[in-house]
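Student: I have a structure I would like to understand better, so I am pasting it below and will then ask my questions one at a time.
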Amino acid sequence: QVQLVESGGGSVQAGGSLRLSCAASGRTFSRYPMGWYRQAPGKQRELVATITSGGSTYYADSVKGRFTISRGNAKRTMYLQMNSLKPEDTAVYYCNAEGPIAWWGPGTQVTVSS
């Protein structure tokens, strides 16, 4: 059974940092691009960052220079290092893998207070 599970969310003050992790199980995701999305209350889910199997990255303008996406050596894990967090970063963050279908994790809450 394919499963993605996020961890590392929590509450932090503005300017702080968090590191999100995504653990993949059930199959090898090494060939597939993966990414982080987020959804704030009352808003649509939006792309945060993506990373290809070759390590190429893309960032939304709103997080560029503050967030860093990476993959573990075994390609079964993915990370999102979030620095200089702002209240507008508050959202549920989701891990995604794009294969024959799109896989999603259940999400992890990130709350940034001012």
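Student: What number of residues within the range 62-78 are open to solvent by 50 Å² or more (accessible area, probe 1.4 Å) and in a strand (DSSP E or B)?
Tutor: Qualifying residue count for the region: 1.
Student: Kindly provide the set of residues from the range 45-61 that are surrounded by 15 or more Cβ atoms within 10 Å (Cβ to Cβ) and outside any strand (DSSP E or B), ordered by number.
Tutor: If the condition is that a residue be surrounded by 15 or more Cβ atoms within 10 Å (Cβ to Cβ) and outside any strand (DSSP E or B), then R45, T52, A60 are the ones that fit.
Student: May I pose another question? From the set of residues in the range 46-91 that are among the β-branched types (V, I, T) and at pLDDT 95 or above, which is nearest to V110 (Cα to Cα)?
Tutor: Start the filter on the range 46-91 by keeping residues that are among the β-branched types (V, I, T), which leaves 48, 50-52, 57, 63, 68-69, 77, 90.
Subsequent filtering for residues that are at pLDDT 95 or above retains 48, 50-51, 57, 63, 68-69, 90.
Values: V48: 13, T50: 18, I51: 21, T57: 22, V63: 14, T68: 16, I69: 16, T90: 5 Å.
The residue in question is T90.
Student: Restricting attention to the range 88-111, and to residues there that are of a type in the set (G, A, S) and open to solvent by less than 40 Å² (accessible area, probe 1.4 Å), which single residue is nearest to G8 (Cα to Cα)?
Tutor: G107
Student: Looking at the range 94-103, can you tell me whether even one residue there is of a type in the set (S, T, Y) and at pLDDT below 95?
Tutor: No, because not a single residue in the range 94-103 is of a type in the set (S, T, Y) and at pLDDT below 95.
Student: Looking only at the range 5-22, which residues are farther than 16 Å from Q109 by Cβ and surrounded by 13 or more Cβ atoms within 10 Å (Cβ to Cβ)?
Tutor: A14 - this is the single residue of the range 5-22 that is farther than 16 Å from Q109 by Cβ and surrounded by 13 or more Cβ atoms within 10 Å (Cβ to Cβ).
Student: Quick one: in the range 23-44, of everything that is buried (at least 16 other Cβ atoms within 10 Å of the Cβ) and modelled with pLDDT of 95 or more, which residue is nearest to the chain's Cα centre (by Cα)?
Tutor: Just the residues of the range 23-44 that are buried (at least 16 other Cβ atoms within 10 Å of the Cβ), to begin with: 24, 29, 32-38.
Filter once more, keeping what is modelled with pLDDT of 95 or more: 35-38.
Values: G35: 6, W36: 3, Y37: 6, R38: 8 Å.
Taking the candidates together, the pick is W36.
Student: Something else about it: For L85, work out the one condition from (1) open to solvent by 20 Å² or more (accessible area, probe 1.4 Å); (2) farther than 22 Å from V2 by Cα; (3) touching a strand residue (DSSP E or B) at 6+ places or on another chain (Cβ under 8 Å) it doesn't fulfil.
Tutor: For L85, the exception is condition (1).
The values are calculated or read from the model by the stated rules, or taken from the named source; none is laboratory data. This is a predicted model, so every value here is computed, not measured. Note that we place each Cβ from the backbone using ideal geometry, even for glycine, and neighbour counts take in every protein chain shown. Surface areas here come from the heavy atoms of the whole protein model, side chains and all, with no ligands, DNA or RNA. Shrake-Rupley method; radii C 1.70, N 1.55, O 1.52, S 1.80 Å.
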